[in-house]
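Participant: Before I ask anything, here is the structure I am working with.
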Amino acid sequence: MNMINGLSVRTFGKPENQPILFLHGFPLDSTMWDRQFPDLAGDFYCVAPDFRGLGESVISHGSDTMESFVDDMVDVVKYLRLKNPVLCGLSMGGYVALRMAERNDIPLKALILCDTRANADTDEIKLKRTTAIKRIKSEGAEDYIREFVQGIFYESFVDDLGPQFNDLVRNWVKNQPEGVIGALQAMLTRTDTTGFLKQCTLPVLYICGAFDPVTPPAVMKEMMRITPGSEYFEVKEASHMAPLENYQDFNKKVIDFLSRI
Ligand code: MLT
């Protein structure tokens with residue numbers, strides 16, 4: 001594990017291979033991608049940072065914005081000298097990937113956007129996030145994270161795991177209140193990247209769980225429709241966490257896409 005400017009960054013595979021920067025969802029950490037590395041690290045250099053304030057990265061002091069999350073990822077790419085990385089982001093990680101591609105600070109090879117959306121928060125969602133910030137300030141983050149993660153997995157995945165589900169979420173529920181609040185603020189301050197999609201010239205693969213209630217297939221199919229030359233893949237038996245819930249189909253599709261670009 002590397003510490004880069006206060007960020008924990010795990011790497012798998014050989015640095016000379018095509019890099020993929022894996023950007024995790026909220027309020028998780030990079031371990032959500034652990035089912036990708038065994039299949040991908042043979043041919044790709046897999047780089048998995050924890051966003052500031054989450055996982056093993058240093059605690060932020062609640063002043064994060066989407067721009068500061070993107071700045072952090074640009075720094076990671078520069079520090080590790082990643083050449084034309086593929087960005088693979090899920091949900092919040094997808095917001096970061098989209099803005100990073102729109103800013104165009106560094107050349108990219110392709111985007112893999114999983115269970116995410118391009119539009120900014122509606123007023124309703126903004127108010128929901130500010131209520132969450134208030135709650136976390138008064139009672140800490142653990143119960144909030146537990147409830148949140150319960151809602152993002154496919155029911156039968158949770159049932160099948162049984163008591164092991166607690167092992168899966170063990171690290172995530174330890175995320176510190178300041179870091180979770182920082183990530184909520186980052187999502188709140190993100191801009192709409194729909195306009196960028198319409199002119200995007202990168203190869204883009206959209207992946208969505210068939211039963212994702214947070215960023216449903218209809219939302220992602222619309223993103224595909226407006227992005228020139230992009231493709232869409234729906235993961236069966238998956239909700240918002242397709243890379244974990246049905247990692248076999250997910251990994252197969254990613255490898256297939258990367259072999260063609
Ligand atoms: C995520 O999975 O990262 C979150 O659901 C994104 C969000 O709350 O907008």
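Participant: If only one of 68, 8, 30 is of a type in the set (Gly, Ala, Ser), touching a helix residue (DSSP H, G or I) at 6+ places or on another chain (Cβ under 8 Å) and under 26 Å from residue 220 (Cα atoms), which one is it?
Facilitator: 68
Participant: Turning to a different aspect of this structure: If you scan the range 30-59, which residues turn out to be closer than 16 Å to residue 7 by Cα and open to solvent by 10 Å² or more (accessible area, probe 1.4 Å)?
Facilitator: Within the range 30-59, 31, 52, 55, 56, 58, 59 meet the criteria.
Participant: Moving on to the next point. Tell me, please, whether a residue that is within 16 Å of the ligand (Cβ to nearest atom), closer than 14 Å to residue 94 by Cα and buried (at least 24 other Cβ atoms within 10 Å of the Cβ) can be found in the range 194-203.
Facilitator: No, the range 194-203 has no match at all.
Participant: When the residues of the range 15-29 are narrowed to those that are in contact with a Phe, Trp or Tyr (Cβ under 6 Å, 6 or more places away or on another chain) and away from the ligand (no atom under 16 Å from the Cβ), which ends up most open to solvent (accessible area, probe 1.4 Å)?
Facilitator: My answer is 15.
Participant: In the range 34-53, how many residues are over 18 Å from residue 98 (Cβ atoms) and within 13 Å of the ligand (Cβ to nearest atom)?
Facilitator: 0
Participant: Tell me the residue from 145, 133 that is under 21 Å from residue 62 (Cβ atoms) and over 20 Å from the mean Cα position of the chain (by Cα), please.
Facilitator: 133
Participant: Related question: Could you tell me which numbered condition residue 81 fails, if it satisfies all but one of (1) surrounded by 24 or more Cβ atoms within 10 Å (Cβ to Cβ); (2) away from the ligand (no atom under 16 Å from the Cβ)?
Facilitator: Among (1) surrounded by 24 or more Cβ atoms within 10 Å (Cβ to Cβ); (2) away from the ligand (no atom under 16 Å from the Cβ), residue 81 violates only (1).
Participant: Another question about this same structure. Restrict the check to the range 207-219 and report whether at least one residue is buried (at least 20 other Cβ atoms within 10 Å of the Cβ), more than 18 Å from residue 150 (Cα to Cα) and away from the ligand (no atom under 16 Å from the Cβ).
Facilitator: Among the residues of the range 207-219, not one is buried (at least 20 other Cβ atoms within 10 Å of the Cβ), more than 18 Å from residue 150 (Cα to Cα) and away from the ligand (no atom under 16 Å from the Cβ), which makes the answer no.
The values are calculated or read from the model by the stated rules, or taken from the named source; none is laboratory data. Note that the structure is a prediction, hence the values are computed from the model and not measured. Note that each Cβ is placed from the backbone with ideal geometry, even for glycine, and that neighbours are counted across all protein chains shown. Note: areas computed on protein heavy atoms with side chains; ligands, DNA, RNA excluded. Shrake-Rupley method; radii C 1.70, N 1.55, O 1.52, S 1.80 Å.
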